[in-house]
Amino acid sequence: MDKEQQYKRVLIHLDRNGDGKLSAPELQIFVEKIGGELSEEEAEMVAELMDSDGDGLLSLDDLVKVIEGANEEEKVKDLKMAFKMYEEVEGCGCITPKSLRRMLSRLGETRSVDECELMIAKFDLDGNGVVDFDEFHDMMLS
């Protein structure tokens with residue numbers, strides 16, 4: 001079963017009145033069923049923010065955006081944590097050849113600074129000799 005079919009099944013399961021869309025109260029019930037808490041006001045705010053056609057209800061496309069958006073946020077959060085592990089100690093916001101060498105050494109891989117420079121050069125899109133978070137993000141998701 002592909003993702004779209006799974007999302008349709010979720011929508012059908014949550015859609016209490018069978019109109020093909022999720023209302024704020026339906027969203028609130030769902031969040032409570034999975035152990036969360038969402039006030040009526042919060043549910044209305046989520047529905048309003050994520051609603052793409054202005055009817056105050058979440059369509060299948062809106063539901064996909066909510067789920068995929070949450071997944072993407074989680075990926076970015078994880079990548080930021082990983083990036084910080086490799087980042088230069090001074091917190092320059094980038095991975096330098098020396099910081100890469102240090103982290104690889106902690107992981108049991110011995111590399112020279114020259115080898116690390118070559119590794120960084122593959123993903124250094126702006127040619128400044130270091131990898132910033134955007135370049136790291138592209139590297140990890142490619």
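Scanning segment 28-58 for residues that are assigned to a loop (DSSP other than H, G, I, E, B) and in contact with a strand residue (DSSP E or B) (Cβ under 8 Å, 6 or more places away or on another chain), which turns out modelled with the highest pLDDT? So that I can check it myself, show each step before the final result.
So in segment 28-58, the residues assigned to a loop (DSSP other than H, G, I, E, B) come out as 34-39, 51-57.
Okay, now just the ones that are also in contact with a strand residue (DSSP E or B) (Cβ under 8 Å, 6 or more places away or on another chain), so 51, 57.
Values: D51: 87, L57: 90.
This residue is L57.
Test each condition in (1) in a loop (DSSP other than H, G, I, E, B); (2) surrounded by 11 or more Cβ atoms within 10 Å (Cβ to Cβ) for G108 and report the one that comes out false.
Evaluating G108 over (1) in a loop (DSSP other than H, G, I, E, B); (2) surrounded by 11 or more Cβ atoms within 10 Å (Cβ to Cβ) leaves (2) as the failure.
Taking segment 15-27, which residues are surrounded by fewer than 17 Cβ atoms within 10 Å (Cβ to Cβ) and either touching a Phe, Trp or Tyr at 6+ places or on another chain (Cβ under 8 Å) or assigned to a helix (DSSP H, G or I) (or both)?
Step one: list which residues in segment 15-27 are surrounded by fewer than 17 Cβ atoms within 10 Å (Cβ to Cβ), which gives 16-20, 25.
Across segment 15-27, the qualifying residue is only P25.
Going through segment 59-75 one residue at a time, which ones are at pLDDT 85 or above and among the small types (G, A, S)? Spell out the reasoning first.
Initially, segment 59-75 is screened for residues at pLDDT 85 or above, giving 59-62.
Hit for segment 59-75 is S59, nothing else.
In this structure, is L125 touching a Lys or Arg at 6+ places or on another chain (Cβ under 9 Å), more than 30 Å from M50 (Cα to Cα) and either outside the structural domain of V46 (by TED's automatic domain parsing) or small (G, A, S) (or both)?
So L125 does not fit the description; no.
When V10 is evaluated against the numbered criteria (1) in contact (Cβ under 8 Å) with a residue 40 or more places away in the chain; (2) in a loop (DSSP other than H, G, I, E, B), which criterion, by number, is the only one it fails?
Just one mismatch for V10, condition (2).
Would you mind finding the one in M50, M45, M81 that is touching a helix residue (DSSP H, G or I) at 6+ places or on another chain (Cβ under 6 Å) and of a type outside the set (F, W, Y)?
Values: M45 fails: touching a helix residue (DSSP H, G or I) at 6+ places or on another chain (Cβ under 6 Å); M81 fails: touching a helix residue (DSSP H, G or I) at 6+ places or on another chain (Cβ under 6 Å).
Exactly one residue qualifies, and that residue is M50.
Any residue at all in segment 88-98 that's out of contact with any Leu (no Cβ under 6 Å at 6 or more places or on another chain), at pLDDT 85 or above and loosely packed, with under 11 Cβ neighbours inside 10 Å?
No - not one qualifying residue is present in segment 88-98.
The values are calculated or read from the model by the stated rules, or taken from the named source; none is laboratory data. All values derive from a computational prediction rather than experimental measurement. We place every Cβ from the backbone using ideal geometry, glycine too, and count neighbours over all the protein chains shown.
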